[in-house]
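Chemist: Just passing along the structure, written as structure tokens.
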Amino acid sequence: MNKYIKLMSFLLLIIVTLTGFGLYKAQASSPYPELKVVTTDGKPEYIEPFHFLGFVSDTQNYSNSSTIVFKDGHSRYMEDQTFLERIDFNYNPQLNDFITDHRSFMRGKSRRTEHYTETEQHVIYTGMESDVYWNQPSRGLMTIAVLNKETEEEETFSVSLGSDGSYYEVSATYVNYPNLTILAATNHSTDISEQFVYTFDVENPTEELTETINLTQEIDSNGGVYFGQSFDRTERFIPIQSVRQTDDSEFDYTEEIIGYFAFDTQMQELIDVPLFEEDTLLFADNDKLYVGKDLGDTIELHEMNADDQNLDLVGSIEMATPTIGREEGTHYNNLFNQNITLLDGRLYAYETQYSDDISRPLFQITDIKTQETLFNGTIEPKDMAKHDSTNIDVFEFRLDTLNN
């Protein structure tokens, strides 16, 4: 009997201790500044589709540093999350949402954002078996899992890309349900990694993926094939950039853009995109292609006819700075347009601004049809007099495609 009394006493002590710690933490003053959205132009509610993870630090006291989650127009520090939330935390806003909303579906799958595509009805996962069991030899098997968000029912397929031990890496999957267009890099035909396009029909599954095109050979790129960053991946067209690499030394090289293309997921064909003498930008939005002439302070945006490559002027978009959205991204090395995109008729752009060595994120949202600035602004501490040495840096962001 005594051992049960001791056990109950010990459990009671743990409960009292945790409760006291929780009350102390709730009443203790946070060392981190409360943040606010500062609007230069437009309305603050338009920033809500921006979800990002960032790092808040004090240049005069680096111990006061923390990871921040910005979602639906509000910020939250990692220290304010529950213990269980922090255990399963992922440094990607989309994957965090999937873990929260579809925890069962996420079990046994990789934690790489390029392996997931979300639509209003489904979440689709496409990842190689070796992405999960990385210490085993590649068997060329891809797992395709489709979650019905309404019923929470999951359908899973195991399909082959070849069993010769070649390396495969999924770059992205575009969805026109039930048809999937899968971009994957492999070295199965040469010693150099090449980009391929594969297709798969969820309602008429096969044991092997259908190879549509070898993009690297078709484009004749000896440097690299990059894809336009997409937070939607239900667009008809996939923007593609071809680059030439020049070795500067044994450890360094430079890249030169030599062409733009678009892959039509409906017609399963590659389309040439005309270039401007100025810097060219290429975007896809829903079932349309847009080509931009980058003039620094403005972007002259044209809608491209995929049949004859004719360009129709949409308008001239005034940019918040001459570089916003167009600085080279470093998050993912196989993507371009990492900080600028079109989504449902709006241009979204982001960059980091520096003033007296203090960093702030700058965001811009513009309606491409009217060229009206819907939002232009930043995030900063509410009490600038107390926190004027605070840096705010974004290291991972996405657009909520279902909230824009």
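For (1) in contact with a Lys or Arg (Cβ under 9 Å, 6 or more places away or on another chain); (2) under 24 Å from Tyr226 (Cα atoms), each residue gets a yes or a no:
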| site | (1), (2) |
| --- | --- |
| Ala306 | yes, yes |
| Val314 | yes, no |
| Thr321 | no, no |
| Asn334 | no, yes |
| Gln338 | no, yes |
| Asp356 | no, no |
| Arg360 | no, no |
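Chemist: Does Val56 count as aliphatic (A, V, I, L, M), over 20 Å from Tyr174 (Cβ atoms) and crowded, with 18+ Cβ neighbours inside 10 Å?
Modeler: yes
Chemist: Against the condition buried (at least 16 other Cβ atoms within 10 Å of the Cβ) and polar (S, T, N, Q), how does Thr254 come out, does it pass?
Modeler: So Thr254 fails the test.
Chemist: Looking for whichever is hydrophobic (A, V, I, L, M, F, W, C), surrounded by 14 or more Cβ atoms within 10 Å (Cβ to Cβ) and farther than 30 Å from Asn176 by Cβ here; the options are Leu295, Leu281, Leu270, Leu289. Which one fits?
Modeler: Leu295
Chemist: For the subset of the stretch 298-309 comprising residues that are without any contact (Cβ under 8 Å) to a residue 60 or more places away in the chain and within 19 Å of Thr373 (Cβ to Cβ), which member is surrounded by the most Cβ atoms within 10 Å (Cβ to Cβ)?
Modeler: So the residue we want is Ile299.
Chemist: Testing Gly315 on (1) part of a loop (DSSP other than H, G, I, E, B); (2) at positive phi, one condition comes back false. Which one is that?
Modeler: (1)
Chemist: Could you grab me the full set of residues in the stretch 365-404 that are aliphatic (A, V, I, L, M) and assigned to a strand (DSSP E or B)?
Modeler: Within the stretch 365-404, Ile365, Leu374, Ile379, Ile392, Val394, Leu399 meet the criteria.
Chemist: Further question on the same structure: Out of Thr341, Thr321, I need the residue that is part of a strand (DSSP E or B), out of contact with any helix residue (DSSP H, G or I) (no Cβ under 8 Å at 6 or more places or on another chain), of a type in the set (Val, Ile, Thr) and modelled with pLDDT of 95 or more. Which one?
Modeler: Residue meeting the stated conditions: Thr341.
Chemist: Would you check if Val202 is β-branched (Val, Ile, Thr), surrounded by 17 or more Cβ atoms within 10 Å (Cβ to Cβ) and either over 20 Å from Asn334 (Cβ atoms) or modelled with pLDDT of 95 or more (or both)?
Modeler: Values: β-branched (Val, Ile, Thr): yes; surrounded by 17 or more Cβ atoms within 10 Å (Cβ to Cβ): no; either over 20 Å from Asn334 (Cβ atoms) or modelled with pLDDT of 95 or more (or both): yes.
Answer is no for this residue.
Chemist: Just the residues that are touching a helix residue (DSSP H, G or I) at 6+ places or on another chain (Cβ under 9 Å) and either over 13 Å from Lys149 (Cβ atoms) or basic (Lys, Arg) (or both), please, taken from the stretch 107-124.
Modeler: Gly108, Lys109, Ser110, Arg111, Arg112, Thr113, His115
Chemist: Now a separate question. Can you tell me which of Thr186, Thr156, Thr100, Thr212 is surrounded by fewer than 15 Cβ atoms within 10 Å (Cβ to Cβ) and either among the charged types (D, E, K, R) or over 21 Å from Leu399 (Cα atoms) (or both)? Walk me through it before giving the result.
Modeler: Working: Thr186 fails: surrounded by fewer than 15 Cβ atoms within 10 Å (Cβ to Cβ); Thr100 fails: either among the charged types (D, E, K, R) or over 21 Å from Leu399 (Cα atoms) (or both); Thr212 fails: surrounded by fewer than 15 Cβ atoms within 10 Å (Cβ to Cβ).
Every option except Thr156 fails the conditions.
The values are calculated or read from the model by the stated rules, or taken from the named source; none is laboratory data. Just so it is clear, the model here is predicted, and its values are computed rather than measured. Glycine gets a Cβ as well: all are built from the backbone with ideal geometry, and neighbour counts include every protein chain shown.
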